[in-house]
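Single-structure report; data block below.
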Amino acid sequence: MKQGHDLGGIIAFAHREEDWSERLAGVVDEHFLPALEEFDLDFEDLADIFGEHAPWTLWGCAFEDFLSRR
């Protein structure tokens, strides 16, 4: 039995299914694009600034927002 909160299956589904993938990309863009554009950064640059895991923690926040939408 798995321990913890494994969201791997739902993340894979959201990336695999075209409609869901587009919706997820839109929510992630809402969270990241304004700041990335303001400071002329790419998502990959965030690891250099905040450390290796922080960008994925932020991505997780966007994913939770995605899951809570209708």
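Remarks
- Pairs where the first residue, in the stretch 11-25, is free of Cβ contacts under 8 Å to residues at least 24 places away in the same chain and within 13 Å of R69 (Cβ to Cβ) and the second is assigned to a helix (DSSP H, G or I) and open to solvent by less than 50 Å² (accessible area, probe 1.4 Å), C-beta under 7 Å, 6+ apart: W20/A14
- No other residue among E44, E30 is modelled with pLDDT of 95 or more and loosely packed, with under 14 Cβ neighbours inside 10 Å apart from E30.
The values are calculated or read from the model by the stated rules, or taken from the named source; none is laboratory data. Since the structure is predicted, the reported quantities are computational estimates derived from the model, not experimental observations. Neighbour counts run over all protein chains shown; Cβ positions are idealised from the backbone, glycine included. Protein only, heavy atoms only, side chains kept; ligands, DNA and RNA dropped before computing areas. Shrake-Rupley method; radii C 1.70, N 1.55, O 1.52, S 1.80 Å.
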